[in-house]
Amino acid sequence: MTDVNVIINEKIEKFGKERQALMPILQGIVADKNYITEDELLLVAETLDLSAADVYGTATFYTFLDVVPRGKYVIRVCKTISCHMAGKDQIIDTLEKTLSIKLGETTTDKKFTLLQANCMGWCHKGPVMLINDEVYPELTPEKAIAIIAEYIAK
């Protein structure tokens, strides 16, 4: 894991210290460690001369900017009506049974977190899940189990 100060400085070099640098900085921290601590949010606020409330509000508004620890692999199942009609509930049930966790939880070994997310832009290929940055469309329970087995083997 990279030091958060390094991430902030790299992003400031690329995007500057203006308000528009906030998202790339927060995304950089999440990309490195899957979540942002309160202390890191305060550091970002101080560095960009923004209020802590503004930075916290931004971080908690966006689904992909987590402010609580997550597993190494964050599984997000699309919860739109299109994916619902295509069988997303079966996928969630299968993932919960396979991983022995419920939605919103992380496995005890900190390897997987299971969440739902709003539209991922794959409505025509639902149900869809995202594991970190990898999209898995047209899921069936069997496909979901096979995909998870690959990640377990890693």
Looking only at residues in the range 98-120 that are touching a helix residue (DSSP H, G or I) at 6+ places or on another chain (Cβ under 8 Å) and either in a strand (DSSP E or B) or among the aromatic types (F, W, Y) (or both), which one is modelled with the lowest pLDDT? Q116
Count of residues meeting criterion [among the charged types (D, E, K, R), under 17 Å from the mean Cα position of the chain (by Cα) and closer than 23 Å to I36 by Cβ] in the range 80-119: 3
Test of understanding: among A117, A146, A86, A59, which residue is at negative phi and free of Cβ contacts under 8 Å to residues at least 12 places away in the same chain? A146
Within the range 7-41, residues charged (D, E, K, R), touching a Ser or Thr at 6+ places or on another chain (Cβ under 9 Å) and under 19 Å from T63 (Cβ atoms) come out as D32, K33
Only one of A52, A59 is closer than 30 Å to F15 by Cβ and within 17 Å of the chain's Cα centre (by Cα), namely A59
Here are some residues: V55, V67, V4, V44. Which one is farther than 30 Å from P127 by Cβ and in contact with a Ser or Thr (Cβ under 9 Å, 6 or more places away or on another chain)? V4
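Being under 12 Å from the mean Cα position of the chain (by Cα) and either in a loop (DSSP other than H, G, I, E, B) or among the acidic types (D, E) (or both) is the filter; apply it to the range 121-142 and report the residue that is surrounded by the fewest Cβ atoms within 10 Å (Cβ to Cβ).
Looking only at the range 121-142, we keep the residues that are under 12 Å from the mean Cα position of the chain (by Cα), and these are 129-134.
Add one more test, that the residue is either in a loop (DSSP other than H, G, I, E, B) or among the acidic types (D, E) (or both), and what stays is 132-134.
On the way: N132: 14, D133: 8, E134: 10.
Among those that are under 12 Å from the mean Cα position of the chain (by Cα) and either in a loop (DSSP other than H, G, I, E, B) or among the acidic types (D, E) (or both), it is D133.
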Condition check for Y73: under 17 Å from I131 (Cβ atoms) and touching a residue at least 60 places away in the same chain (Cβ under 8 Å): yes
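Go through the range 31-97 and tell me which helices (runs of 4 or more DSSP H), entirely inside it, have 3 or more residues that are surrounded by fewer than 21 Cβ atoms within 10 Å (Cβ to Cβ) and not assigned by TED's automatic domain parsing to the domain that holds P127.
On the way: elements: 38-48, 52-61, 81-86.
Those helices (runs of 4 or more DSSP H) span 38-48, 52-61.
The values are calculated or read from the model by the stated rules, or taken from the named source; none is laboratory data. Predicted, not measured: the structure shown is a model, and the values here were computed from it. Counting neighbours? That spans all protein chains shown, and the Cβs are built from the backbone with ideal geometry, glycine included.
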